[in-house]
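*Asks:* Before I ask anything, here is the structure I am working with.
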Amino acid sequence: GESVGLHLPTLSVQEGDNSIINCAYSNSASDYFIWYKQESGKGPQFIIDIRSNMDKRQGQRVTVLLNKTVKHLSLQIAATQPGDSAVYFCAESDSGGYQKVTFGTGTKLQVIP
Amino acid sequence: KAGVTQTPRYLIKTRGQQVTLSCSPISGHRSVSWYQQTPGQGLQFLFEYFSETQRNKGNFPGRFSGRQFSNSRSEMNVSTLELGDSALYLCASSATGANEQYFGPGTRLTVT
């Protein structure tokens with residue numbers, strides 16, 4: 001079946017450095033991608049999204065890059081802070097608008113003070 | 001505006017029992033989705049409801065069912081519980097026509 005996967009299960013980053021979290025997807029028909037952050041004991045929190053007709057989208061301290069040629073998605077966090085420590089999921093959403101979201105396995109980001 | 005709420009937050013059940021979990025979406029949101037999260041399988045889509053109708057369903061056995069009420073509140077039911085059903089069950093709501101989902105804190109179900 002279709003899958004969305006992550007390259008690294010754990011990423012350790014020094015506070016103040018930039019973080020890059022990568023994600024590969026296999027469904028070439030996917031047209032909407034989302035990054036979520038999940039802190040311990042909480043549900044996933046929306047960070048940023050991007051549609052397949054875009055290559056890049058920026059938010060506050062975060063940037064998502066989409067490379068449709070190699071089916072790769074990345075999340076860049078600038079000036080990583082201790083509060084960024086969490087598990088990050090990439091996800092793909094069904095274009096039919098029925099909210100069927102396929103999540104990746106998650107990457108744990110550890111920020112070293 | 002209040003976020004998505006789920007009740008109960010924690011639940012312990014015995015194999016063979018059934019359980020009902022509740023989700024109240026953000027006011028005005030008509031779409032409610034349910035997910036199961038486990039360490040081994042990650043986040044998996046269960047089903048999605050909109051205006052009391054199930055629009056999409058994941059690959060779970062028929063023991064997992066759900067419904068949505070006219071006020072958009074939703075419940076999911078798991079019958080004949082198995083040990084493998086132990087998980088965090090997450091509910092998410094979204095506004096009509098919007099893709100962004102807002103998640104609740106989840107219900108932690110433990111089956112013994």
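The values are calculated or read from the model by the stated rules, or taken from the named source; none is laboratory data. Source: prediction; values computed, not measured. Glycine also receives a Cβ, built like all others from the backbone with ideal geometry; neighbour counts cover every protein chain displayed.
*Asks:* Working only within the stretch A:58-72, note down all residues that are at pLDDT below 95, surrounded by 14 or more Cβ atoms within 10 Å (Cβ to Cβ) and hydrophobic (A, V, I, L, M, F, W, C).
*Replies:* none
*Asks:* Still on this model: Quick one: is B:Thr14 touching a Ser or Thr at 6+ places or on another chain (Cβ under 9 Å), within 14 Å of another protein chain (Cβ to nearest Cβ), surrounded by fewer than 16 Cβ atoms within 10 Å (Cβ to Cβ) and under 19 Å from B:Leu88 (Cα atoms)?
*Replies:* No; evaluated as a whole, the condition is false for this residue.
*Asks:* Can you find, within the stretch A:13-57, the residue that is nearest to the chain's Cα centre (by Cα) among those that are surrounded by 15 or more Cβ atoms within 10 Å (Cβ to Cβ) and without any contact (Cβ under 8 Å) to a residue 12 or more places away in the chain?
*Replies:* Among those that are surrounded by 15 or more Cβ atoms within 10 Å (Cβ to Cβ) and without any contact (Cβ under 8 Å) to a residue 12 or more places away in the chain, it is A:Arg57.
*Asks:* From (1) assigned to a helix (DSSP H, G or I); (2) touching a helix residue (DSSP H, G or I) at 6+ places or on another chain (Cβ under 8 Å); (3) of a type outside the set (Phe, Trp, Tyr), pick out the condition that doesn't hold for B:Gly84.
*Replies:* Just one mismatch for B:Gly84, condition (2).
*Asks:* I would also like to ask the following. Can you tell me which residue among B:Gly40, B:Gly28 is part of a loop (DSSP other than H, G, I, E, B), more than 14 Å from chain A (Cβ to nearest Cβ) and either touching a residue at least 24 places away in the same chain (Cβ under 8 Å) or under 26 Å from A:Cys90 (Cβ atoms) (or both)?
*Replies:* B:Gly28
*Asks:* Right, another one. Does B:Arg108 count as at pLDDT below 95, outside any loop (DSSP other than H, G, I, E, B), under 15 Å from the mean Cα position of the chain (by Cα) and surrounded by fewer than 18 Cβ atoms within 10 Å (Cβ to Cβ)?
*Replies:* no
*Asks:* While we're on this one: When the residues of the stretch B:53-80 are narrowed to those that are within 14 Å of chain A (Cβ to nearest Cβ) and loosely packed, with under 12 Cβ neighbours inside 10 Å, which ends up farthest from A:Ile47 (Cα to Cα)?
*Replies:* The qualifying residue farthest from A:Ile47 (Cα to Cα) is B:Thr53.
*Asks:* Out of the residues in the stretch B:66-92 that are farther than 20 Å from B:Val4 by Cβ and of a type in the set (Gly, Ala, Ser), which is farthest from the chain's Cα centre (by Cα)?
*Replies:* In this case the residue turns out to be B:Gly84.
*Asks:* Name the residues in the stretch B:81-105 that are surrounded by 21 or more Cβ atoms within 10 Å (Cβ to Cβ) and at the interface with chain A (Cβ under 9 Å from one of its Cβ atoms), would you?
*Replies:* B:Leu90, B:Cys91, B:Ala92, B:Ser94, B:Gln101, B:Phe103, B:Gly104
*Asks:* One residue is enough: does the stretch A:47-60 have a residue meeting the conditions on the phi > 0 side of the Ramachandran plot and part of a loop (DSSP other than H, G, I, E, B)?
*Replies:* Looking for residues that are on the phi > 0 side of the Ramachandran plot and part of a loop (DSSP other than H, G, I, E, B), one finds none in the stretch A:47-60, hence no.
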